[in-house]
Amino acid sequence: MKCIFIYNPNSGRGKIAKKLPYIVRKLKSGYAQVDVYATKAKGDLTVKVREFASLYDCIVFSGGDGTFNEILQGVGELDRLPIFGYIPGGTANDVAHSLGIPRRSLRGALGVILKGRREFLDCMRINGREYAMYSVSAGAFTSASYTTPQQAKRALGLLAYGMEGVRKNLPFRVYPVRVTDETSCTETECVFTLIINGKCVAGWKMNRNGSMRDGKAEGAIVRQTAHPNLYNKARALLAIVRLFVFGYRFPEKDIEHFGGKKLRIDVPEDVVWNYDGEKGSAGPIEIEVLPKKFPLLVPKNNKNI
C-alpha cells in the first residue's frame, strides 16, 4: 500500500513541519511506502493532488479548512478517488470539528488515519465546476477568513478573524437575495447568507444535528430592511450572533431557513462568496449536493457523522 503525506508548511503556525519525522515514522507502521510533499504556493496543492490521486492508495494531508478545500477542488471532478486521511493544522479546523477528528492532538489524528474507518462524505458542487466541503457563505464577516493576515492567525487564532470581521464589515451591506430549493422560493433583503454541510462553521458547532452524509445541505438567511436604521442593524447583528451561539435550529424571526439537495441563490453580481473559508466566485450560484463523494478516514466509533 502506497501513501503520500502532503502538508502546508505555513498552516497552523508551522508546527507540522517540525513533526515531520514523527508523522512519517507513524505512517510507515501502516503503509509499505510513504512519500512526502510540501506545498509551494496557493493553488499548488490543487494541481498536485489531482496527479497523486491515481498514484497512491492513500493521501494524507495536513492544513486548515482552506487546505481541505484545495484538495477538494483538485479531485472533485474525478470519478475514482483514493482514501484520504486528515491531520488538522489550521486555525478553525471546522471539518475536523464536525467529524470528531482530534484537532489539537497529532497523535490522535494519526490514530484515526491508522485505525479509523472509511466514510464516504457529501460535498457541494457550485455552478458545476467549483466545490465546497462544509460551507458556502456571503455577506457580513465572510471575507474575514481570507483577508486576515497569516501572521495575525498565528498570533491570535480565531480572535484574529473576529477583529478582521469587525474592521472590514461594519456597517453590514444589505443586498437582495432569492433562494429556490426543491419545494419553495424565498425572496428578501439580507446581510448574511449561509449554506452548510456538516455541524461547524468558524469554530462554532452551530448545527449539532447536521450531517455530512445525509445528501442535503441546510441554509439560513439573516433578513434586513433595505434601508436599516441603527435599531435594524443591531437586530441583524444579534441574529447572526444567535445563529452561531445558539445554533441553526434556534427560533429567530429575523432568520429564514431553507435546504435541500439542489439550491439556486440569486444575488447581485458583486456579492462575493466564501467557500470553506476561501474566496469563491461572485454573483448568482447553483449548489448541488454530491452524496458520498469524498472518502475520508474518520474516528472508528463516531457514528454521528
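Only the coordinates and a few stated rules stand behind these numbers; no lab work does. Predicted model only: the values in this text are computed from it and were never measured. Cβ coordinates were reconstructed from backbone atoms using ideal geometry, including for glycine residues, and neighbour counts include every protein chain displayed.
Worth pointing out:
- Sorting PHE52, PHE244 by the number of Cβ atoms found within 10 Å of their own Cβ, with the fewest placed first, yields PHE244, PHE52.
- Remark: LYS42, LYS199 ranked as LYS42, LYS199, counting other beta-carbon atoms within 10 Å and listing the fewest first.
- Lys, Arg +1 and Asp, Glu -1 on Cβ, resulting dipole of the chain about Cα centre, debye, nearest 20: 1600 debye
- Low-density loop cleavage sites - GluC sites (Glu not before Pro) in segment 34-85, where at most 11 other Cβ are within 10 Å (DSSP): GLU77
- Here is the list for segment 93-137: trypsin sites (Lys or Arg not before Pro) lying in DSSP coil, each with at most 13 other C-beta atoms within 10 angstrom of its C-beta, are ARG104, ARG129.
- Cleavage-rule hits (trypsin sites (Lys or Arg not before Pro)) in segment 242-274: DSSP loop, at most 11 neighbouring Cβ within 10 angstrom: LYS253
- Seen through its C-alpha gyration tensor, with square-root eigenvalues sorted a ≥ b ≥ c, segment 2-115 comes out rounded because a/c lies under 1.5.
- Peptides 131-143, 268-280 ordered by packing proxy, namely the average of other Cβ atoms within 10 Å per residue, highest first: 131-143, 268-280.
- The chain: antiparallel DSSP beta bridges as a percent of all, rounded to 5: 75 percent
- Rg and Dmax of segment 162-293, based on Cα coordinates, read 14.4, 45 Å.
- ³J(HN,Hα) computed for each position of segment 180-196 - Karplus, 6.51 cos²θ - 1.76 cosθ + 1.60, integer Hz, glycine/proline x: 10, 10, 5, 10, 7, 9, 10, 9, 6, 9, 8, 10, 7, 10, 9, 10, 10
- Rounded to 10°, Cα long-axis angle of helix 106-115 versus longest principal axis of the chain: 70 degrees
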